[in-house]
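The values are calculated or read from the model by the stated rules, or taken from the named source; none is laboratory data. Given the structure is predicted, the values throughout are model-derived calculations rather than measurements. Positions of Cβ are generated from backbone atoms using ideal geometry, with glycine treated the same way; all protein chains shown enter the neighbour counts. Only protein heavy atoms, including side chains, enter the accessible area calculation; ligands, DNA and RNA are left aside. Shrake-Rupley method; radii C 1.70, N 1.55, O 1.52, S 1.80 Å.
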Amino acid sequence: MHQDPFEWIDAQHRRRRRAGLVRTLRPRPADCPLLDLAGNDYLGLARHPEVTAAAADAARRWGAGATGSRLVTGTTELHARLEDRLRAFCGFEAALVFSCGYAANLAAVTALAGPGALIVSDAGNHASLIDGCRLSRARTAVVAHAAPDAVRAALAAHGGPALAVTD
């Protein structure tokens with residue numbers, strides 16, 4: 001008898017559902033009155049009238065969407081000005097803005113570590129740091145959450161370049 005070649009997908013879905021691991025999208029209305037404690041609007045500026053007006057003005061002038069990666073065609077004068085202002089405000093030589101923290105963590109970890117390096121990663125790290133460790137091709141040692149002695153021991157046992165990551 002010929003078995004459905006994708007039956008394994010359905011079987012995995014059933015297993016995840018039984019385990020309570022299936023999540024569903026719950027769209028919220030634009031005027032949702034609830035306090036959002038699960039989002040990334042840490043400063044509460046996403047709906048600030050000055051911020052939304054500036055975003056609308058920028059969309060009218062520059063268009064909507066990135067148009068490409070930052071390296072190819074996605075960098076605008078707005079990016080350069082923002083990065084220059086952040087650089088000056090922080091007193092650094094340069095600044096680089098990413099579209100989200102996930103992308104920033106991937107870039108930072110893969111840029112700082114690579115083959116031959118060791119990354120000591122906190123067991124409680126966000127997926128962005130875990131993925132950065134994987135993509136870096138460095139050896140990764142996962143240590144217990146908030147265990148500085150374990151970090152010290154892992155770093156001491158490695159004789160080459162090393163990095164500890166935690167959030």
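Would you confirm, using the coordinates I've provided, whether Leu82 is out of contact with any Ser or Thr (no Cβ under 8 Å at 6 or more places or on another chain), at pLDDT 95 or above and either among the polar types (S, T, N, Q) or more than 25 Å from Ala164 (Cα to Cα) (or both)?
So Leu82 passes the test.
Are any residues in the range 144-167 within 21 Å of the chain's Cα centre (by Cα), open to solvent by 70 Å² or more (accessible area, probe 1.4 Å) and aliphatic (A, V, I, L, M), and if so, which ones?
Ala146
Six or more apart or on different chains, Cβ atoms under 6 Å: show the pairs whose first residue is in the range 74-91 and touching a residue at least 12 places away in the same chain (Cβ under 8 Å) and whose second is of a type outside the set (Val, Ile, Thr) and outside any loop (DSSP other than H, G, I, E, B).
Thr76/Trp62
Go through the range 62-74 and give me each residue that's within 13 Å of Phe98 (Cα to Cα) and either among the hydrophobic types (A, V, I, L, M, F, W, C) or open to solvent by 70 Å² or more (accessible area, probe 1.4 Å) (or both).
Within the range 62-74, Ala66, Arg70, Leu71 meet the criteria.
When the range 99-143 is examined, which residues are found to be over 30 Å from Ala80 (Cα atoms), among the polar types (S, T, N, Q) and either within 17 Å of the chain's Cα centre (by Cα) or surrounded by fewer than 19 Cβ atoms within 10 Å (Cβ to Cβ) (or both)?
Selection gives Ser121, Asn125.
Would you pick out the residues in the range 1-45 that are of a type outside the set (Asp, Glu), open to solvent by less than 100 Å² (accessible area, probe 1.4 Å), modelled with pLDDT of 90 or more and farther than 27 Å from Tyr102 by Cβ?
The answer is Ala11, and nothing else.
May I ask you to list pairs of residues, at least six apart or on different chains, whose Cβ atoms are under 6 Å apart, with the first in the range 131-151 being closer than 15 Å to Asn105 by Cα and without any contact (Cβ under 8 Å) to a residue 60 or more places away in the chain and the second being surrounded by 14 or more Cβ atoms within 10 Å (Cβ to Cβ) and hydroxyl-bearing (Ser, Thr, Tyr)?
Gly132/Thr110; Cys133/Ser121; Cys133/Thr140; Leu135/Thr110; Ser136/Thr110
Please list, ordered by first then second residue, the pairs with beta carbon atoms under 6 Å, 6 or more apart or interchain, first in the range 1-29 and β-branched (Val, Ile, Thr), second surrounded by 10 or more Cβ atoms within 10 Å (Cβ to Cβ).
Partner pairs satisfying both residue conditions: Val22/Arg16.
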